[in-house]
């Protein structure tokens, strides 16, 4: 159980994001699924790729805003993700339609 959820349940006021927001930010599996789909879907329309990129940026910013990670942590993870995407595209010989 999140500390924020416990504080809400007990009726204790606190500063920061609500427990639902914090719980949603912990769903890294969804972010990874979106990243994998964007990396391996060669026929994806540009609008879909832009939407997925905006979603990924939103996840990164939400992790910083709720205090879950330092900005350097998020930047490092984003750069690592880009490296993984490049490696997957090279391994599977995926080309992106422009």
Within segment 22-44, can you find the residues that are modelled with pLDDT of 65 or more, over 17 Å from residue 84 (Cα atoms) and in a helix (DSSP H, G or I)?
-> 22, 23
Which numbered condition trips up residue 47, out of (1) modelled with pLDDT of 75 or more; (2) not in a helix (DSSP H, G or I)?
-> (2)
When segment 62-81 is examined, which residues are found to be free of Cβ contacts under 8 Å to residues at least 12 places away in the same chain and either touching a helix residue (DSSP H, G or I) at 6+ places or on another chain (Cβ under 6 Å) or exposed (fewer than 12 other Cβ atoms within 10 Å of the Cβ) (or both)?
-> 64, 69, 70, 71, 72, 79, 80
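The values are calculated or read from the model by the stated rules, or taken from the named source; none is laboratory data. Just so you know, these numbers come straight off a predicted model, no measurement behind them. Glycine gets a Cβ as well: all are built from the backbone with ideal geometry, and neighbour counts include every protein chain shown.
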